[in-house]
Amino acid sequence: MTKPDLSIELTGMGMKNPTILAAGVLGTTGSSLKRVANSGAGAVVTKSIGIEPKPGHPNPTMFKLECGFLNAMGLPNPSYKEFRGELDTAKESGVPVIASVFGAHPDEFSKIIDGLDGADAYELNVSCPHASGYGAVVGTDPLLVEEITRAAKQTANAPVWVKLTPNVTDIVAIGEAAQRGGADAVVAINTVRSMAIDIHSGYPILGNLYGGLSGPAIHPVAVKCVYDLYQALDIPVIGVGGIANYQDAVEMMMAGACAVQIGSAIYDSISVFDDVTMGLSEYLVSHGLVLDDIIGLAHRKVGL
Ligand code: DHB
């Protein structure tokens, strides 16, 4: 079988395949990021990094459900000053390294981006569903998203991606705000605000009481968000949410994603990047297609 070319250029960045490690998973150290890169990911995104060291929420911070994972880590991170060296280590992998950045206002985003100079792209986290003053608190306000994106673009020497929250009435309005601010791409979606309660004690399970849902349960939510964003925006849409196999990736691409991020599925196997890439190759060959043919295909079918 001749292997189809799965390499892509995403916001000016070359990638050997369209799979990307999602933010927050194995992204805290340079060596774990390297491990994921060596397992076949086309690019890797770091854990979200902020201005000051943060211990995160009290335990438990993560809980496995049948339909996915509930988490409220609370943005634990060593601050951009301490993370600098990890970024350099991750870059030894040879795949693009995207720094995920969170802040409370535009100046904070700029300062962190400046301190993490050298990343191949920056992913603005304006979508963590449970951090007071950060994440979705800023990411549900279109004006603030636009201002943050503009500030990030002025500072960054690399492309700026904006990761969107699904916990809004209209995700397209937020995507349009990011585009107006000069975003090079949007990433959709972050986790879905959610909660679990222990029926034996009556207590909410997570230390933070509620958190964000990831994994298979949110895949159809993500597909719809990506579909809507692709239709409305001129910039690329990167799809994330419950992708565990090549079928999920193909579906996300047909909705309009030009690349996919994978997070929760790593729990089962770190070989998920290779598995998705191989499955995607075989799918394209057996259907006589190239990658570009499937990106946004569902829109073209509906329009026929
Ligand atoms: C965390 C959760 C998120 O969904 C996110 O986007 C960033 C950080 C966390 O709990 O640390």
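The values are calculated or read from the model by the stated rules, or taken from the named source; none is laboratory data. Everything numeric in this text was worked out from a predicted model, so none of it was measured. Glycine also receives a Cβ, built like all others from the backbone with ideal geometry; neighbour counts cover every protein chain displayed. Surface accessibility is based on the protein's heavy atoms, side chains included, excluding ligands, DNA and RNA. Shrake-Rupley method; radii C 1.70, N 1.55, O 1.52, S 1.80 Å.
Quick notes
- When the square roots of the Cα gyration tensor eigenvalues are ordered a ≥ b ≥ c, the ratio a/c for the chain is under 1.5, which makes its shape rounded.
- When Leu65, Leu229 are compared by accessible area of protein heavy atoms, the largest-first order is Leu65, Leu229, using a 1.4 Å probe.
- Relative contact order of the chain, taken over Cα pairs closer than 8 Å and 6 or more residues apart, is 18 percent.
- Taking all protein chains together, Ser286, Ser271 sort by accessible area into Ser286, Ser271, largest first [probe 1.4 Å].
- Per residue accessible area of segment 8-302, 1.4 Å probe, in Å²: 40
- Ligands, DNA and RNA excluded, the heavy atoms of Arg300 present near 100 Å² of accessible surface to a 1.4 Å solvent probe.
- Accessible-area order (highest first, 1.4 angstrom probe) of the listed residues Arg84, Arg193: Arg193, Arg84
- Annotation: for a label point projected 7 angstrom from Cα along Cα→Cβ of Asp274, residues of segment 5-27 with backbone N closer than 17 Å are 16-21.
- Phe63 contributes an accessible area of around 70 Å² to the protein surface, as traced by a 1.4 Å probe with all chains present.
- Overall form of segment 1-89 per C-alpha gyration tensor (a/c, 1.5; a/b vs b/c): oblate
- Rounded Å value of the spacing that divides the Cα centres of segment 239-259 and segment 176-236: 15
- Highest mean packing comes first when the peptides 262-269, 206-213 are listed by Cβ atoms within 10 Å, giving 206-213, 262-269.
- Fraction of antiparallel bridges per DSSP, the chain only, in percent to nearest 5: 35
- Estimated [θ] at 222 nm from DSSP helical runs (n ≥ 4, -39500 (n - 2.57)) normalised by residues in the chain, nearest 500: -10500 deg cm²/dmol
- Heavy-atom accessible area for His57, with the other protein chains in place and a 1.4 Å probe, reaches approximately 50 Å².
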